[in-house]
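K.L.:
Sharing a structure with you now.
The values are calculated or read from the model by the stated rules, or taken from the named source; none is laboratory data. Keep in mind that what you see is a predicted model, and the values were worked out from it rather than measured. For neighbour counting, all protein chains shown are included, and Cβ atoms are generated from backbone atoms with ideal geometry for every residue, glycine included. Heads up: the accessible areas ignore ligands, DNA and RNA and are worked out on the full protein's heavy atoms, side chains in. Shrake-Rupley method; radii C 1.70, N 1.55, O 1.52, S 1.80 Å.
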Amino acid sequence: MRTLITILLALLYPAVWGLEISTNPGQLASTVSKPAESIESLTVKGLINQDDLKYIADSLGSLRTLDLSDCSIVDAAIADGTFADNNIEVINLPAQPLIIGTGAFMGSALKSIVIPGGSTLGMGAFAACPALELAVLNHIDLSAGYAFKDCQALKQVHCADVKNIGEASFSGCRQLSTITGSGSAATIGPRAFAGCEALENFEFPATPCSIGEHAFVSSGLQNAVLASGSHIAKGSFFDCIHLSEISLSQGTDSLPPYSLKGAGIEGELILPEGLQHMGEYCLKGASRIEKITLPSSLASVGNHAMDGNTALQTIEAGTLTTVPETGDDVWEGIDASKVNLAVAENMQESFRAANQWQDFNVIISDNGSVRLPIADETIIAAALHGNTLVVEASGADIAQLQLADLAGRVLATLLPCAPSASVSLETLQTQIILVHVVLCNGKCATIKILRHG
């Protein structure tokens with residue numbers, strides 16, 4: 001019967017385009033003079049409340065465009081589930097900061113949304129909106145999580161000054177390819193971008209941030225440059241098969257379990273100084289890594305940490321002064337006899353006697369040689385030749401070369417203004433030397449050199 005009435009109303013009252021109403025809180029329903037079923041476009045001015053929003057959502061079944069930009073909501077909120085599964089395709093929200101409740105627009109027909117700055121989104125506020133392609137979220141609180149989960153058509157997100165990206169906020173958004181403004185995020189929650197297979201680029205903050213468990217699992221991410229002090233969690237980049245480059249934060253003390261499992265890292269992976277433990281399965285299946293450089297701080301390697309790293313040719317361990325403990329089957333699936341394990345001369349016998357390490361072709365490291373890519377095509381290389389330290393740079397000349405000990409005491413300073421410099425270490429007694437290099441283009445890096453013997 002309701003369907004028949006709707007058809008009759010549609011015949012008797014053609015759709016009303018551009019209907020504009022000024023109203024007071026709670027009076028919208030009595031102000032509408034046309035049959036509710038005929039209204040496809042509505043502009044509301046004045047003040048409205050939750051009763052008015054509920055009337056719009058429940059009674060205006062043909063409504064496709066709603067303009068609230070010139071009105072205010074008296075309690076600055078859109079209640080839980082108000083527009084869930086609604087047919088509205090375009091909505092212009094009031095300019096005031098809003099509290100948009102749990103599931104407020106879940107499953108609705110919205111095609112785009114611009115949320116006023118200062119607003120807070122409840123859990124799943126816009127989740128599973130099948131037609132939503134664009135979201136503008138500047139200065140928004142997304143910490144509640146699930147806000148846009150499973151929005152299958154979502155392609156673009158603009159989120160300047162969003163401090164916290166909550167759990168599963170964009171999980172399952174398979175077409176999401178562009179997200180701008182993410183450099184303000186201090187936290188990226190668990191599974192925040194899980195399954196975002198079209199997301200190739202992501203601006204990580206230049207300041208320390210925390211990346212939650214499985215935050216980018218199975219995403220299309222191609223590179224990740226993390227600021228010093230940042231932290232990753234279990235499975236943060238799990239099965240990111242296109243992740244060919246990652247710069248891990250200096251000072252990271254642990255590579256969590258499964259954190260880079262299946263990652264597409266190519267060529268050389270340099271683990272940061274300060275790293276003490278490699279968690280279980282952390283690099284399992286990272287089958288494009290050809291060389292891995294271990295830091296002098298490494299104390300243990302977990303179960304199956306590098307299982308299936310079939311392209312591995314070299315493990316550079318020349319700065320290690322003790323043999324790291326190993327879990328079960330760390331290098332399962334690798335022909336260890338074809339992999340060079342480069343160690344300090346005085347550590348050669350220790351590695352040859354250690355379980356699992358002994359399976360490699362243990363050779364003497366090239367006496368502290370280090371290559372450090374620092375930006376674009378700029379590379380700094382440092383190597384010891386006897387008691388002479390040679391530092392070379394590609395991409396820019398060396399402006400300053402400063403040597404210091406671990407306590408920060410300056411041992412020597414050079415101003416070469418040339419692509420290479422050498423300095424004798426013969427009179428220096430310290431075994432570990434920090435080499436601080438400043439290039440003429442302003443880039444800088446610090447390299448730790450371990451003198452053997």
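K.L.:
Among the residues of segment 35-51 satisfying the criterion of being outside any loop (DSSP other than H, G, I, E, B) and within 20 Å of GLY122 (Cα to Cα), which is nearest to the chain's Cα centre (by Cα)?
P.N.:
Filtering segment 35-51 for residues that are outside any loop (DSSP other than H, G, I, E, B) and within 20 Å of GLY122 (Cα to Cα), the one nearest to the chain's Cα centre (by Cα) comes out as GLN50.
For every residue, the table says whether it meets (1) closer than 20 Å to ASN49 by Cα; (2) in a loop (DSSP other than H, G, I, E, B); (3) open to solvent by 10 Å² or more (accessible area, probe 1.4 Å).
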position: ASN87; (1), (2), (3): no, yes, yes
position: ALA95; (1), (2), (3): yes, yes, yes
position: GLY107; (1), (2), (3): no, yes, yes
position: LEU110; (1), (2), (3): no, yes, no
position: ILE113; (1), (2), (3): no, no, no
position: PRO116; (1), (2), (3): yes, yes, yes
position: GLY124; (1), (2), (3): no, yes, no
position: CYS129; (1), (2), (3): no, yes, no
position: LEU132; (1), (2), (3): no, yes, no
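K.L.:
If you check ALA206 against the conditions, is it open to solvent by 20 Å² or more (accessible area, probe 1.4 Å) and part of a loop (DSSP other than H, G, I, E, B)?
P.N.:
yes
K.L.:
Same structure, new question: Within segment 435-453, take every residue that is modelled with pLDDT under 85 and hydrophobic (A, V, I, L, M, F, W, C) and give me the one that is most open to solvent (accessible area, probe 1.4 Å).
P.N.:
CYS444
K.L.:
Next question. Quick one: ARG191 ticks every box in (1) part of a loop (DSSP other than H, G, I, E, B); (2) open to solvent by less than 40 Å² (accessible area, probe 1.4 Å) bar one, so which box is it?
P.N.:
Unmet condition: (2).
K.L.:
Could you tell me whether segment 312-325 includes any residue that is over 23 Å from THR252 (Cβ atoms) and in a loop (DSSP other than H, G, I, E, B)?
P.N.:
yes
K.L.:
For residues that are open to solvent by 50 Å² or more (accessible area, probe 1.4 Å) and more than 14 Å from LEU283 (Cβ to Cβ), tally how many sit in segment 215-245.
P.N.:
Result for segment 215-245: 8.
K.L.:
Ok, one more. Please name all residue pairs, on different chains or six or more residues apart, with Cβ atoms under 6 Å, provided the first residue is in segment 43-62 and is at negative phi and the second residue is assigned to a strand (DSSP E or B) and open to solvent by 40 Å² or more (accessible area, probe 1.4 Å).
P.N.:
Once the first residue is at negative phi and sits in segment 43-62, its partners that are assigned to a strand (DSSP E or B) and open to solvent by 40 Å² or more (accessible area, probe 1.4 Å) give THR43/GLU20; LYS45/SER22; LYS45/ASP70; LEU47/SER72.
K.L.:
Can you confirm whether segment 423-445 contains a residue that is of a type in the set (Lys, Arg), touching a Ser or Thr at 6+ places or on another chain (Cβ under 6 Å), over 26 Å from SER365 (Cα atoms) and not in a strand (DSSP E or B)?
P.N.:
So far as segment 423-445 goes, yes, one or more of its residues are of a type in the set (Lys, Arg), touching a Ser or Thr at 6+ places or on another chain (Cβ under 6 Å), over 26 Å from SER365 (Cα atoms) and not in a strand (DSSP E or B).
K.L.:
Can you tell me how many residues in segment 396-429 are open to solvent by 40 Å² or more (accessible area, probe 1.4 Å) and under 28 Å from THR321 (Cβ atoms)?
P.N.:
So the count comes out to 14.
K.L.:
Within segment 270-290, how many residues turn out to be among the small types (Gly, Ala, Ser), buried (at least 20 other Cβ atoms within 10 Å of the Cβ) and more than 10 Å from HIS304 (Cα to Cα)?
P.N.:
So the answer is 1.
K.L.:
Still on this structure, I have one more. Which pairs do you get when a residue that is under 20 Å from ASP397 (Cα atoms), found in segment 419-432, comes within reach of a residue that is open to solvent by 70 Å² or more (accessible area, probe 1.4 Å) and of a type in the set (Asp, Glu), reach meaning Cβ atoms under 8 angstrom, with the pair 6+ apart or on two chains?
P.N.:
Every condition considered, the pairs that remain are PRO419/GLU392; SER420/GLU392.
K.L.:
Right, something else. Among the candidates ALA382, ALA354, single out the residue that is modelled with pLDDT under 80 and surrounded by 13 or more Cβ atoms within 10 Å (Cβ to Cβ).
P.N.:
That would be ALA382, the only listed residue that is modelled with pLDDT under 80 and surrounded by 13 or more Cβ atoms within 10 Å (Cβ to Cβ).
K.L.:
Is there any pair linking a residue in segment 196-217 that is under 11 Å from GLY229 (Cα atoms) and without any contact (Cβ under 8 Å) to a residue 60 or more places away in the chain to one that is assigned to a loop (DSSP other than H, G, I, E, B) and open to solvent by 90 Å² or more (accessible area, probe 1.4 Å), with Cβ under 6 Å and at least six apart or on different chains, and which?
P.N.:
none
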